[in-house]
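S.K.: Below is a structure I'd like to ask you about.
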Amino acid sequence: MIASVVRVPWHTAHGGYDRLLDHLPEVRRIAPPHHPSARRVFTAAHRVLGSRCPLPFYPAEHFATDLRVLASRQPAHVLYGDEQFWFSRHRTGPTAVTYHQPPDQLAKLLPTRVWRSLAARAAQIIVLAPHQQAFFCDLLPAQRVHLVPHGIDTAAFTPADIPSQPVRPLVLTVGWWLRDFETLDAVHSLLHRRHGQDIELTVVTRQAASRPWHPAARVLEGISEQELIALYRRAAFLLLPLTGASANNALLEALACGTPAVVTDIGGIRHYAGKGPAAVLVPPCDATATANAADTLLAELGTAAHTVRRASARARAEHFAWPRVADDVRAVYRLLEEA
């Protein structure tokens, strides 16, 4: 069994879907070439052949990994089908493909007729949220589409040994993809109007200089994983307005650190947040409801209710610990071996 590996550059060392393979030692990793001469060859080939791939994000590293998977006849797992499964769709060995993007984003990537042809090339498809499952079940038989959740490293992302009581409660937002920054700005404005300097607003994101932020918000970019974990542990809660989602790394990381969340009820979020007190789900694009939910959690600080939320957050994350997810993925691999 082989699996393609391309590290997403903005994921931390213990974040990202490729961490799944840490718990599947029987799988051989296929990565982009490291030798300079091989990299030059693949880069040159990418200039010629890469344009034939209609996927909007298909850099030379993905192309090289795709061709190396194509060359093998062993059963294979393409970890990021949204960005890697193109030339390798012609391989003769059975292939499982994981798709990460929510259906509306998938529909933007390719026309339906192309999706129908592409999906048929995968022996098995793994999706991360129920609404993705519905998308692919319209393209091929339901028994070939498997809902296996994204995992989280619950050994790296952990609660603090002794919970701190910061002078100013920290309201933390993390990430950039499918984030609803317009609603975030409005929520920051409402919270700053209500609480002023009594709370701390912090955003950890990419391309921090690409847009204006609320003047009261501290915006961080390029911090270490340990700095990020320290922020999760210190935060009163994760504030996560979204425009879409299947799984969400920031949500899983926060929950694993015992940090509750105020998060948009959209896409696959309910599948990960659950029905308990770990997360307060709010309607899309509703700044008032989001700010009110934030105020509820702020008012609970120092009470038994907040302690219950933190314990519930950690317990919810443990449902998605990588060893559990790896066992579910192995069940899909067995189907490949039977093919």
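S.K.: Please give the FRET efficiency for R7 paired with V167, using the beta carbon to beta carbon distance and R0 = 45 Å, rounded to the nearest 0.05.
M.R.: Approximately 0.75, to the nearest 0.05.
S.K.: A follow-up question, please. Please list the three semi-axes, largest first and in whole Å, of the ellipsoid equivalent to segment 59-135, using sqrt of 5 times the eigenvalues of its alpha carbon gyration tensor.
M.R.: With the √(5λ) rule applied to segment 59-135, the semi-axes are 20, 13, 11 Å.
S.K.: Right, next: Any chance you could get the radius of gyration and Dmax over the Cα atoms of the chain, in Å?
M.R.: 20.9, 62
S.K.: Then there is this: When averaged across all projection directions, what area in nm² does the alpha-carbon convex hull of segment 192-261 cover?
M.R.: For segment 192-261, averaging the hull's shadow over all directions gives 5.5 nm².
S.K.: Over the Cα atoms of segment 214-339, what Rg and Dmax result, in angstrom?
M.R.: Rg then Dmax for segment 214-339, in Å: 16.5, 58.
S.K.: Still on this structure, I have one more. At what distance in nm do the modelled label points of T288 and Q143 sit from each other, each positioned 7 Å from its Cα along Cα→Cβ?
M.R.: Using points 7 Å along Cα→Cβ, the separation is 5.2 nm.
S.K.: Same structure again: Would you mind giving the three semi-axes, in whole Å and largest first, of the ellipsoid equivalent to segment 45-204 according to its Cα gyration tensor?
M.R.: So the three semi-axes of segment 45-204 are 40, 18, 17 Å.
S.K.: Provide the net charge surrounding F85, with neighbours chosen by a C-beta distance below 9 Å and charges set as Lys +1, Arg +1, Asp -1, Glu -1.
M.R.: Every neighbour counted, the sum reads -1.
S.K.: Determine the relative contact order of segment 1-149: mean sequence separation of Cα pairs under 8 Å and six or more apart, normalised by residue count, in whole percent.
M.R.: 19 percent
S.K.: Describe numerically, in nm with one decimal, the distance between label points set 7 Å from Cα along Cα→Cβ at S224 and at A71.
M.R.: Result: 3.8 nm between the two label points.
S.K.: About the Cα centre, and with charges only on the beta carbon of Lys, Arg (+1) and Asp, Glu (-1), how big is the dipole of the chain? Nearest 20 debye, please.
M.R.: Here the size comes out at about 900 debye.
S.K.: Also, quick follow-up: Relative to the Cα centre, what is the charge dipole magnitude of segment 231-339, using +1 at the beta carbon of each Lys and Arg, -1 at the beta carbon of each Asp and Glu, and rounding to the nearest 20 debye?
M.R.: It comes to approximately 300 debye.
S.K.: Please tell me the relative contact order of the chain in percent, rounded to the nearest whole number, where contacts are Cα pairs under 8 Å and at least six residues apart.
M.R.: 17 percent
S.K.: Now for a different question. Net charge near T205, counting Lys/Arg +1 and Asp/Glu -1 over other residues with Cβ under 11 Å of its Cβ?
M.R.: It works out to a net charge of +2.
S.K.: Provide the FRET efficiency to the nearest 0.05 for the R206-L55 pair, computing r from the beta carbons and using R0 = 22 Å.
M.R.: After rounding to 0.05, the efficiency reads 0.60.
S.K.: Quick one: Cα centre-to-centre distance for segment 280-339 and segment 93-162, in angstrom?
M.R.: 19 Å
S.K.: If we sort 63-71, 116-124 on the protection proxy, mean other Cβ atoms within 10 Å, highest first, what's the order?
M.R.: Taking the mean over residues of other Cβ atoms within 10 Å, the ranking is 63-71, 116-124.
S.K.: What FRET efficiency, computed as 1/(1 + (r/R0)^6) with R0 = 25 Å and r the Cβ-Cβ distance, is obtained for A120 and H319, rounded to the nearest 0.05?
M.R.: The calculated FRET efficiency here is 0.20.
S.K.: Sort 28-38, 280-290, 172-182, 6-16 for me by packing, meaning the mean count of neighbouring Cβ atoms within 10 Å per residue, highest on top.
M.R.: 172-182, 280-290, 6-16, 28-38
The numbers here are math on the coordinates, done by the rules we state, and not lab data. Quick caveat: nothing in here was measured; it's all calculated off a predicted structure. Note: ideal-geometry Cβ built from the backbone for every residue, glycine included; neighbour counts use all protein chains shown.
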